[in-house]
Structure formats: structure tokens, C-alpha cells
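To keep things clear, I will list the structure first and then write my remarks on it.
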Amino acid sequence: MTEAALAAQKDAVRLDLYRSMQRIRLVEEEIAKRYSEQEMRCPVHLSIGQEATAVGSCAALRNDDQIISSHRGHGHYMAKGGNLKAMLAEIYGRVDGCCGGRGGSMHLFDDSVGMLASVPIVASFVPLGVGAALAYRHFGQDRVCIVYLGDGATEEGVFHESMNLAAVHKVPVVFFIENNSYSCYIGLADRQPVRPLTDMAKAYAMPSASVDGNDVEAVQAVTAQAVARARSGGGPTLIVADTYRWREHCGPNYDNDLGYRPMAEVDAWRARCPVDTFGAKLVADGVLTEAGKAAINAEIEAEMAEAFAFAKASPFPDPKTVADRVYA
Amino acid sequence: MPEQRVISAAQAIREATDLAMAADPAVIIMGEGIADPKTIFGTTDQLMEKYGPARVMEMSIAENGFTGMAIGAAMNGLRPIIVHQRVEFALLTMEQLVNNAAKMHYVSNGAHKAPIVVRLIVGRGWGQGPAHSQSLETLFAHIPGLKVVMPASAHDAKGLLLSAITDDSPVVFIEHRWMHYVKGHVPEGWAALPLDGPARLTQGDAVTVVSNSYMTLETIRAVEALAAEGVAVEHFDLRVVRPLNVDPIVESVKRTGRLLTVDTGFATYGVGAEIVARVMERCCLTMKAAPRRIGLPEHPTPSSRSLAAAFYPRSPDIAQALAELAGLDQARITAIHNRLAEEREALPFDVPHPSFQGPF
Ligand SMILES: Cc1ncc(C[n+]2csc(CCOP(=O)(O)OP(=O)(O)O)c2C)c(N)n1
Ligand SMILES: [Mg+2]
């Protein structure tokens, strides 16, 4: 490839990162906006502010790699190439949802893009990733699984059991901590001793990396290393990405009036918006223009309008099917 | 008579906790979110301000660990109250509860006690779905050594919680989230109620019905509908699932010859299954109709409201079963069912029905 072609390819990749983050941002904001219509009748945990962790890390994966997520899974699903119509229909409780309406926002499963599961019991899903990776090895596949978990989830025993198992069995899994430093309304320092979260990897002789979770390219670079290690038989890695949840823990609103986190902290993180900072960088690098941004927004708005209309037009699942598929 | 005070069950739970903590410095409370701005749906409101972090302990997300910690502390004289915002989070603690808490007194031949209270909240509605709205009381009720309490009113929530906290055995105290809103007359001060079994809510000779927790509220509506038709149902609110006191129920079924049980959880291997078995052991030969059970069907809780609507039994279903057991003719059965169904279907199913908010 010529130098110019290489540069163009690099620009295209960066634009994709931006587009993917902006897609998550706009979709989550639209969910927040429409939530009061009371048509999305399930709890939603939005990932606004945390777009770079999902997008940067998924950009380091192939389509046949898998991810596992938690209660806060919209961003992961979208970053992994998820079907927006299927996600929204699921949140609207409709038959065309990725789980046929059975799961709601907190259970997004979509094999076709490698969204193996999202499970809303904190850390419950972590060992599933270790097992998923065990299966790749068993079948001679060079796939990798990323498990996304919050800082709170690292307090569960099963997280530590999973770290140990993954290290001992050297399975191709990446534990990706999105450290927004809160578990609901309780700050990290009130729940864990103060030390770098990456120290936990030492106990399991596991490589680790910490990264600015609002810098999508840094996240991609760090994840790519971990994924390459896993893919080549080098075993698991722990990644800690610091980021911030902008809105309330659960629901569409802001909750800064509750006073559980200082406004200066909120403002400082918002000033470091992962989408806007990267957008500005691309503009400065001459990769993106304001017109280009507007075009991207228009493209996403069109996809969204269609997907919301699709979700709302999708029928509710037939109550007669409620007892189907209890056993395989 | 002075005007009786009306408060919600959530307020009653808070009041009982406050009273118990004031009365005994060994009472501590621990859980995720007990001192956050939402204070577990208001049930731990102001406790941190009043008793401080040494007794109101905000927990890391480590349920099995802190449950074991509570048991160890209880063995050395503390009286910990544990709170989980959903029953499901306590599934992580089954090992500690079943292997340690339930057996400590027995295995030590009486030397140890593990007086903990585990408050568990059952979620329902708003599409919470498969992992946030299960009613799993029978998992706990299966274990000798645990006590299992399920209040249905503000009055009982306060009185039974006070007794649970002073009880020397581990008590699993299950609060249905929709029960938190229920208002009722609740006496001030130390109004403990013994953990002694069912309460008779109505008297009657036609049918005996036993319900628990939130389903007691649905059953009250059904029993009212039958009363309006001149059918007197004897209604028991079970309150204490373990140890199970069936004596008053047996006495009633000996008169009525008809029994319906209404569970918040699964019908299969459910609380109703145990009640029916116990009653049949003593009343089998005097029954006028085969006993019936209402409970959740054989599948997980779906999120979508169209599916969840088909999942939960409601007052029209209960009324229909009662009317059938009472031997009413088909036209009256249908009329009773439809009247209740009309009332219920006018409003969404996935939020608490206003007629259940009391005061009771
Ligand atoms: C086992 C278990 N305990 C408690 C909860 C309630 N809960 C839901 S999300 C959450 C906070 C998790 O914090 P973190 O892992 O940091 O994720 P974040 O919400 O910050 O993305 C808690 C405590 C749960 N779902 N499962
Ligand atoms: Mg967090």
C-alpha cells in the first residue's frame, strides 16, 4: 500500500471510532429523552460519558470475538456492531428485540455480533467470559473474549475466582474494568482501600494496564496489546480504564442534586467528554470538518429515527409464548 | 379513641430498625446503599445520621463476604441486620446462610447463636425481568434453622421486624417491593408481634384461603368481591413461612372443607404445596373439594409487559378460584371474575395498583 493509502485508511479508522462513539451518545440521549413517554418500561443504565471504553476496546476485536457485559450494556452492544433496531425493540419490550422482549435493557444477547451475554447481577457474568475463552481453546479457535465490568464488580469474590482461574488456565480473556469510581451512589474510596486497581492483577501474576478511559485511541491501543497476547496464547490481561458516568446510576436523568459526588468532579469529567475531545482532535488533525460532523450526525439521526419507529411498531410478544423455551 | 397513626410499610420498617438500634447497641445494620441518598427505598433513612458509620455500615459489593462477616459478628454478640435491595443478591450468600447461619446453634450443641436478620426485597413490575423480580422464599424456607417472615401490612412489617431483630436465630425477612407502599395503622413505640404464624383477616365458612406477602393484598380484593356476593371466605395471611404454624389453618379447613393457597413465588414446590400437604395430612377425609394452589407458573419472569402480564396471577384469578371452590354457578363465577378484571385492566399491570395502597 502507498503511504497515502495507508494514511487514508488510518483516517477512516479514526472516523469510525468517532462515529461509533457519537452513535452511542446520540442513541443514549434519545433514550433518555423518550423515557418519560413510559413506553420503555424497564430500568435503563445509560453509558453516556463512557463511550470511549466500549468503542476503543471493541475496535480491537474481530467480529467473531465475543464480549460480555453487565447492567450497563447498551454502549458495549452498539460498539460491537450491535443492531440498533434489535436493541431498541428489546428495551421497548417487543418481539423483535434481541431477546424477543424477555430480557429488557439489562439482558442484551446477540450472537451474530459476538454479544455473548449481558447479565445484571454484579460480576455474575465474569466467569462466563473465562468459560467462553476456554471453549475457544478447546475448539482450536483463535478468538478472544472481553469481559466488561465496573469498579464495583471487582469487590465480588467471583471476580477474584475468575481472575485466578483465567491466569491458571491461561485462557484468552481480557478483563476490562470501566472504573467510573462509583457503585450506585457510593464512591470507590468508601468501598476499597486506595491503590491502583491494576494491583489486583499482581495477585494473580497477570499482566495489567491502566489507561485513560476517555481517550478512545489509547483504549484501543492498550486493548489491542491485550487481545494480541490472548490470541497468541499469552493468557489474560487486566485493563483498568478510568472514565465517568454522567447521568444517574439507573434512569434517564441527572442525579447531581443528590449530593453524592462533588459538582467540580462532574464538571471536570464533562469537560473531558470522550466524544467531543476526540472530535476536536480529528478536526485539528484535518481528518474531520464541522460539515463532516454534521453529516455523521445526520446519518445517525436517520438510523435512529428508523430504529425507534421500528421498535415502537414492533408487536408485543404473544402472551401464549410466555412459557416457551424453558428447556433447550 | 384517639386517631390512629397511618404510615407506610417502608416507614414502619425504618421505625422498627430505629427503635431496635436505640434499644440495643449490639444492633448494627449493613448493606449496599443503606447510607446512600436513596436509603433502600427510605427504609434506612436517617440511621447513619443518628447512629454513625460504626453501626450503619455501608458495604462493598461483596454479599457472601459480608454475610459471613455478619454471622461471625453475631456469634460474638452483635445483632446485625443485613439488607439487600433484591432477593437475587442474596443468592450469592446462600452458602453462608445455609452452611453457617442456619446450623451454628445446632452444630455447636447450643453454644453459639447467629442472631442475624437478612432483609430481602422482592422486585416486581417495570420490566425488571428475569434477575430482579424473583420471589424465592421457598429456597430459604427449605432450610431448618432459618426463620422466614413475609409481612403484608405496615402493622406487621413493624411488629414482625422488631421480633426478628430480637430473635436469637437467623431470620430472613422478605419484603415485597409493592408492599412498601401499603399504608396502615401502626402503633408507636415498641410494638413487637410474635413470630407465631398466620393472622386471620376475615372469618367465613365457605372457603379457607391462605396467602402471603403481596399476594395477601390481591387476595383481600378477591375476598371482598366474594363477600359482596354473599360468600364468606376465611382468609389467613401467613406472615411466618418458617417455622410453619398450620394449626389455625387446619382448624379452619375442618369447618370449610375447602382450601386455596396463594403464593408470591412458584406454585411448584412452593409455600402452598407445603401448606396443602400439611393440611391434607390432617383434614383429608373431611374435604368437600380438592385443594387448589395459585402461584407463579413454570418459567422465569420475562421483562416485556405483555409477557409479564401473563406471568402474575391477580385478584380476578383468585376470586375465580374461590368462587369455583365455593361451588358458585358459572354465571356468578364469570360475573365476579369480570368485575374484578375490569377494575384491574383499567390500569397498567406493571406498577402497583392504587387500590392496594391501603390504609389496611
Ligand atoms: C450481586 C449484586 N449486588 C448488587 C447489585 C445492585 N447493583 C446494581 S449495579 C450496582 C453497581 C455496580 O457498580 P459498578 O460495578 O462499578 O458498575 P457501574 O454501575 O458503575 O457501571 C449495584 C450495586 C446487583 N445488581 N448485583
Ligand atoms: Mg462503577
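The values are calculated or read from the model by the stated rules, or taken from the named source; none is laboratory data. Since this is a predicted model, take the numbers as computed values, not measurements. Cβ sites come from the backbone with ideal geometry, for glycine too, and all protein chains shown count toward neighbours.
Just checking: which of the strands (runs of 3 or more DSSP E) contained wholly in region A:39-157 hold 2 or more residues that are small (Gly, Ala, Ser) and within 16 Å of the chain's Cα centre (by Cα)? Lay out the reasoning, then the answer.
Working: elements: A:66-69, A:115-118, A:145-150.
Per the criteria, A:115-118.
Of the residues that sit in region B:288-305 and are under 22 Å from the mean Cα position of the chain (by Cα) and among the basic types (Lys, Arg), which one is farthest from the other protein chains (Cβ to nearest Cβ)?
Looking at residues that are under 22 Å from the mean Cα position of the chain (by Cα) and among the basic types (Lys, Arg), I get B:Arg292.
If you go through region A:161-178, how many residues are in contact (Cβ under 8 Å) with a residue 40 or more places away in the chain and either at the interface with chain B (Cβ under 10 Å from one of its Cβ atoms) or of a type in the set (D, E, K, R) (or both)?
2
Kindly provide the set of residues from region B:229-238 that are in contact with a Ser or Thr (Cβ under 9 Å, 6 or more places away or on another chain) and charged (D, E, K, R), ordered by number. It would help to see each step written out before you state the result.
Restricting attention to region B:229-238, the residues satisfying the condition of being in contact with a Ser or Thr (Cβ under 9 Å, 6 or more places away or on another chain) are B:232-238.
Listed by number, the residues that qualify are B:Glu234, B:Asp237.
With the structure loaded, tell me whether B:Thr138 is on the phi < 0 side of the Ramachandran plot and in the same structural domain as B:His180 (by TED's automatic domain parsing) or whether it fails that test. Give the steps one after another, and end with the answer.
On the way: on the phi < 0 side of the Ramachandran plot: yes; in the same structural domain as B:His180 (by TED's automatic domain parsing): yes.
Yes; evaluated as a whole, the condition is true for this residue.
Which members of region B:255-314 meet the condition of being touching a residue at least 40 places away in the same chain (Cβ under 8 Å), in a loop (DSSP other than H, G, I, E, B) and closer than 29 Å to A:Lys320 by Cα?
B:Tyr269, B:Gly270, B:Pro300, B:Thr301, B:Pro302, B:Ser303, B:Ser304, B:Tyr312, B:Pro313, B:Arg314
Answer yes if at least one residue in region A:178-189 is under 15 Å from the mean Cα position of the chain (by Cα), over 29 Å from B:Thr39 (Cβ atoms) and within 16 Å of ligand 2 (Cβ to nearest atom), and no otherwise.
Step one: list which residues in region A:178-189 are under 15 Å from the mean Cα position of the chain (by Cα), which gives A:178-180.
Among the residues that remain, those that are also over 29 Å from B:Thr39 (Cβ atoms) are: none.
There is no residue in region A:178-189 that is under 15 Å from the mean Cα position of the chain (by Cα), over 29 Å from B:Thr39 (Cβ atoms) and within 16 Å of ligand 2 (Cβ to nearest atom).
Considering region B:70-92 alone, what residues qualify as being within 16 Å of ligand 1 (Cβ to nearest atom), closer than 14 Å to B:Pro170 by Cα and either outside the structural domain of B:Asp168 (by TED's automatic domain parsing) or surrounded by fewer than 24 Cβ atoms within 10 Å (Cβ to Cβ) (or both)?
If the condition is that a residue be within 16 Å of ligand 1 (Cβ to nearest atom), closer than 14 Å to B:Pro170 by Cα and either outside the structural domain of B:Asp168 (by TED's automatic domain parsing) or surrounded by fewer than 24 Cβ atoms within 10 Å (Cβ to Cβ) (or both), then no residue fits.
Just the residues that are under 23 Å from B:Leu78 (Cβ atoms) and surrounded by 20 or more Cβ atoms within 10 Å (Cβ to Cβ), please, taken from region B:7-27.
B:Ile13, B:Arg14, B:Glu15, B:Ala16, B:Thr17, B:Leu19, B:Ala20, B:Met21, B:Val27
Scanning for something crowded, with 22+ Cβ neighbours inside 10 Å, at pLDDT 95 or above and assigned to a strand (DSSP E or B), does region B:212-231 turn up at least one residue?
The answer is no, given that none of the residues of region B:212-231 is crowded, with 22+ Cβ neighbours inside 10 Å, at pLDDT 95 or above and assigned to a strand (DSSP E or B).
Any residue at all in region A:234-242 that's of a type outside the set (Ser, Thr, Tyr), surrounded by fewer than 23 Cβ atoms within 10 Å (Cβ to Cβ), within 14 Å of another protein chain (Cβ to nearest Cβ) and within 16 Å of ligand 1 (Cβ to nearest atom)? Talk me through it step by step, then tell me what you get.
Going through region A:234-242, the residues of a type outside the set (Ser, Thr, Tyr) turn out to be A:234-236, A:238-242.
Subset that is surrounded by fewer than 23 Cβ atoms within 10 Å (Cβ to Cβ): A:234-235, A:242.
Right, trim to within 14 Å of another protein chain (Cβ to nearest Cβ) and you get none.
No, that holds for no residue.
Looking at B:Ile29, B:Ile40, B:Ile34, B:Ile61, which is the one that is assigned to a strand (DSSP E or B) and not charged (D, E, K, R)? Walk me through it before giving the result.
On the way: B:Ile40 fails: assigned to a strand (DSSP E or B); B:Ile34 fails: assigned to a strand (DSSP E or B); B:Ile61 fails: assigned to a strand (DSSP E or B).
Only one candidate qualifies: B:Ile29.
Taking region A:133-149 only, how many residues are of a type outside the set (Asp, Glu) and surrounded by fewer than 24 Cβ atoms within 10 Å (Cβ to Cβ)?
First, the residues of region A:133-149 that are of a type outside the set (Asp, Glu): A:133-141, A:143-149.
Keeping just the survivors that are surrounded by fewer than 24 Cβ atoms within 10 Å (Cβ to Cβ) gives A:134-141, A:143.
Qualifying residue count, region A:133-149: 9.
So, of the residues in region A:179-225 that are away from chain B (no Cβ under 14 Å) and acidic (Asp, Glu), which turns out to be farthest from ligand 1 (Cβ to nearest atom)?
So the residue we want is A:Glu217.
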